[in-house]
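Student: Provided herewith is a single structure, encoded as structure tokens, for subsequent inquiry.
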Amino acid sequence: EVARLLAVSAEHSGDWLKALPISSCGLRLSNEEVRIAVCLRLGCDTCVPHRCKCGAQVDSTGRHGLSCRLSAGRQSRHFWINDIIHHDLIRAGMPAVKEPVGLAMGLRPDGATLVPWASGRPAAWDATVADTLAATYMDRTAHAAGAAAEALAAAKVRKYDALADKYIIVPLAFETLGPICAEGVSFVRDLGKRLTEVSRDLRETAYLFQRLSIAIQRGNALSVLATLNSGTKDLY
């Protein structure tokens, strides 16, 4: 519970709460997604105890789904985050490609810009999400908000070290309860400023953080619901 309270108090962890529910902007959560997001944030029950498809026992918080090895929300969440970043780079006038091939040592980040991002080098980003309350990270997240995201960010930087001389490596590390790694926050803010230069809308940075926050919450809901043996139909 200490880890949860630290995480939900961190900067940007509650950006989804500030979003206007506009579907065309990717800012709308369904009623069920909102319910699960609120329950996870407040530590409330999300479901009745049951057995997950993986065989593990799921308690009433439903948190097992966030780190389950069969997590259905992991791939979708990863796709949504990268799609948001790629789409907004294009909007900002920065041509980019997803999963570029032919890089050093066969490395394949989630995406890269095709023109210089800063210091004469293009940016290569790689997104990942850690479960704040997973046993793997509990000793860190119970002491510092965003500790799991920072650990994953450092691992991403090491993984793409061979590209560091040609690309600016951008680890986009998030946690299920909201925190974002420092390098990820810096990149999103920079991208938001570039969007503002194009659209003249000073709210671009806030909207970008909200879209990413909603993608995390939507993935969380999908992961929690996927622990039910017969899918979401059990809820109706």
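We did not get these values from a lab; they are worked out from the coordinates using the rules stated. Source: prediction; values computed, not measured. Cβ atoms come from the backbone with ideal geometry, glycine included; neighbour counts cover every protein chain shown.
Student: Quick one: plug the Kirkwood hydrodynamic radius of the range 22-117 (C-alpha pairs) into Stokes-Einstein at 20 °C, 1.002 mPa s, and report D in µm²/s.
Tutor: Translational D for this selection: 130 µm²/s.
Student: Give me the distance between the Cα centres of the range 187-206 and the range 75-110, rounded to whole Å.
Tutor: 18
Student: Using only the Cα atoms of the chain, each taken as one equal point scatterer with no solvent, compute I(q) by the Debye sum, divide by I(0), and report log10 of the ratio at q = 0.08, 0.09, 0.10, 0.16 Å⁻¹.
Tutor: One equal scatterer on each Cα of the chain leads to -0.30, -0.38, -0.47, -1.14.
Student: Now a separate question. Between THR132 and residues 5 or more places away or on another chain, which pairs have amide H atoms under 5 Å apart, with H built 1.01 Å from N, and which residues are they?
Tutor: Amide H neighbours of THR132: THR176, LEU177.
Student: With the crude spin-label approximation of a point 7 Å out along Cα→Cβ, what separation in nm comes out for ALA56 versus ASP190?
Tutor: 3.6
Student: Continuing with the same structure: Can you tell me how the range 130-208 classifies by the Cα gyration tensor, rounded, prolate or oblate, using a/c under 1.5 as the rounded cut?
Tutor: oblate
Student: Per the Cauchy relation, a quarter of the hull surface: what is the mean projected area of the convex hull of the alpha carbons in the range 16-74, in nm²?
Tutor: 4.7
Student: Assuming 0.36 nm per residue, please report the length gained on full extension of the stretch MET105 to ASP165 beyond their Cα-Cα distance.
Tutor: Contour length minus the Cα-Cα distance gives 20.2 nm.
Student: Please give the length that would be gained between LEU42 and HIS78 if that part of the chain were fully extended, namely 0.36 nm times their separation in residues minus their C-alpha to C-alpha distance (nm, one decimal).
Tutor: That works out to 10.5 nm of additional length.
Student: If the cut-off is a Cα-Cα distance under 25 Å, which lysines reach LYS98, setting aside same-chain residues fewer than 8 apart in sequence?
Tutor: LYS156, LYS159, LYS166, LYS193
Student: Could you tell me whether the range 166-217 comes out rounded, prolate or oblate from its Cα gyration tensor? Rule is a ≥ b ≥ c as square roots of the eigenvalues, rounded for a/c under 1.5, then prolate if a/b exceeds b/c, otherwise oblate.
Tutor: Oblate shape, in that a/c is at least 1.5 and b/c is the bigger or equal ratio.
Student: Still on this structure, I have one more. Could you give me the ³J(HN,Hα) list for the range 17-33, computed from phi with Karplus coefficients 6.51, -1.76, 1.60 and θ = phi - 60°, whole Hz, x at Gly and Pro?
Tutor: 6, 8, 6, 6, x, 10, 4, 5, 9, x, 10, 10, 9, 6, 4, 5, 5
Student: Applying a 10 Å radius around every beta-carbon, put 209-222, 55-68 in order of their mean neighbour count, most first.
Tutor: Result, highest mean Cβ count within 10 Å first: 209-222, 55-68.
Student: Here's another thing I want to ask about it. Would you mind estimating how fast the range 71-166 diffuses translationally, via Stokes-Einstein at 25 °C and 0.890 mPa s with the Kirkwood radius over Cα pairs, in µm²/s?
Tutor: Answer from the Stokes-Einstein relation: 165 µm²/s.
Student: Another one. Per residue of the range 168-175, what does 6.51 cos²θ - 1.76 cosθ + 1.60 with θ = phi - 60° give for ³J(HN,Hα)? Whole Hz please, x for Gly and Pro, Karplus curve as stated.
Tutor: 8, 7, 10, x, 9, 9, 10, 10
Student: Mind listing the phi-derived Karplus ³J(HN,Hα) values for the range 148-159, rounded to whole Hz, using 6.51, -1.76 and 1.60 with θ = phi - 60°, and x for any glycine or proline?
Tutor: My calculation for the range 148-159 gives 5, 5, 5, 5, 5, 4, 5, 5, 5, 4, 5, 4 Hz in order.
Student: Just subtract the alpha-carbon distance of VAL198 and ALA182 from 0.36 nm times their residue separation and send over the number in nm, one decimal.
Tutor: Stretched out fully, the VAL198 to ALA182 stretch lengthens by 3.3 nm.
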